[in-house]
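Participant: Can you keep this structure in mind? I'll have questions shortly.
The values are calculated or read from the model by the stated rules, or taken from the named source; none is laboratory data. Keep in mind that what you see is a predicted model, and the values were worked out from it rather than measured. As a convention, Cβ positions derive from the backbone with ideal geometry for all residues, glycine included, and neighbour counts pool all protein chains shown. We work out accessible area using only protein heavy atoms, side chains counted, and drop any ligands, DNA or RNA first. Shrake-Rupley method; radii C 1.70, N 1.55, O 1.52, S 1.80 Å.
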Amino acid sequence: MGLVVLAAGCFMLSMTSTALGVVGHLAPTTVVTVGYAMFQTANNTAVMADVSTDQRGVTPGMLNLSRNLGLLTGTCVMGAVFALASATADVTTARPEAVASGVRITFAVGALLIVVALMAAAGGRALSRRTAGDRGGGAPLGRDQRIV
């Protein structure tokens, strides 16, 4: 649900008119923030739910590392998208219309990436259910049984 709200906020930002001013930007940004908070909480819970006690220190560390790498990579990639979308060599001298266009396109790309993540999550969940069904409803395997 968090990713859906996050995608909705990004789509809203990609369609916001500059005529709406600060309020037109703050409302969708609030939606993005709420969606991110919902996603992060649920994601952390899902990742940590099945972690054994001897992995309770390593797993959150890896989760934080992957999140930080994603944030850094995303910042670089989306900065490049903005630079290309605004079609200007120097953003400090860019016309307001070029900056607004760059912001809209950047958030549209972000929303599309979130939709791709949602589809991947849905596909993984469907695959997981199908695999559990193939094993007889997800019953635990015996010591001498293997999944092929």
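Participant: Per residue, how large is the accessible surface of the chain? Use a 1.4 angstrom probe and give square angstrom.
Facilitator: About 69 Å² of surface per residue is accessible.
Participant: Can I ask one more? For SER128, what accessible area in Å² do you get when you roll a 1.4 Å probe over the heavy atoms of the protein chains, rounding to the nearest 10?
Facilitator: The accessible area comes out at roughly 70 Å².
Participant: May I ask you to derive the relative contact order of the chain, considering only C-alpha pairs under 8 Å and at least 6 residues apart, and to give it as an integer percent? Spell out each step's value before the answer.
Facilitator: Details: 116 pairs, mean separation 42.2, N = 148.
Result for the chain is 29 percent.
Participant: If each residue of separation counts as 0.36 nm, what is the full-extension length gain between THR45 and VAL77 once their alpha-carbon separation is subtracted? Spell out each step's value before the answer.
Facilitator: Numbers: separation 32, 0.36 × 32 = 11.52 nm, distance 2.78 nm.
Contour length minus the Cα-Cα distance gives 8.7 nm.
Participant: Which whole-angstrom value gives the distance between the alpha carbon centres of region 77-131 and region 8-70?
Facilitator: 15
Participant: From largest accessible area down, sort THR75, THR131, THR16; use a 1.4 Å probe on the protein chains.
Facilitator: Result, largest first: THR75, THR131, THR16.
Participant: Is there a quick way to get the dipole size of the chain? I mean about its Cα centre, with the Cβ of Lys and Arg at +1 and of Asp and Glu at -1; what is the value in debye to the nearest 20? Walk me through the numbers before you get to the answer.
Facilitator: Values: 10 positive and 6 negative charges, 78 e Å.
Value, rounded to 20: 380 debye.
Participant: Between LEU113 and THR88, take the C-beta separation as r, use R0 = 25 Å, and let me know the FRET efficiency to the nearest 0.05.
Facilitator: 0.60
Participant: Can you tell me the FRET efficiency between THR30 and ASP54 if r is taken as the Cβ-Cβ distance and R0 is 25 Å, rounded to the nearest 0.05?
Facilitator: Here the calculated transfer efficiency is 0.05.
Participant: Right, another one. Relative to the longest principal axis of the C-alpha atoms of the chain, give the angle of the C-alpha long axis of helix 21-49, reported between 0 and 90° and rounded to the nearest 10°.
Facilitator: Relative to the chain, helix 21-49 is tipped by roughly 10 degrees.
Participant: Rounded to a whole number, what is D in µm²/s for the chain from Stokes-Einstein with the Kirkwood radius over alpha-carbon pairs (37 °C, 0.692 mPa s)?
Facilitator: Using the Kirkwood radius from Cα pairs, D works out to 179 µm²/s.
Participant: Considering the dipole of the chain built from charges on the beta carbon (Lys and Arg +1, Asp and Glu -1) around the Cα centre, which of GLY79, THR18, LEU3 is farthest to its positive end?
Facilitator: LEU3
Participant: Loop by DSSP (not H, G, I, E, B), at most 11 other beta-carbon atoms within 10 Å: where is the longest site-free stretch of the chain for trypsin sites (Lys or Arg not before Pro)? It would help to have the intermediate numbers written out before the result.
Facilitator: Working: sites that count: ARG56, ARG143, ARG146.
In the chain, the maximal stretch lacking such sites is 57-142.
Participant: How far apart, in nanometres, would the label points at VAL23 and ARG67 be if each is projected 7 angstrom from Cα along the Cα-to-Cβ direction?
Facilitator: For VAL23 paired with ARG67, the spin-label model returns 3.4 nm.
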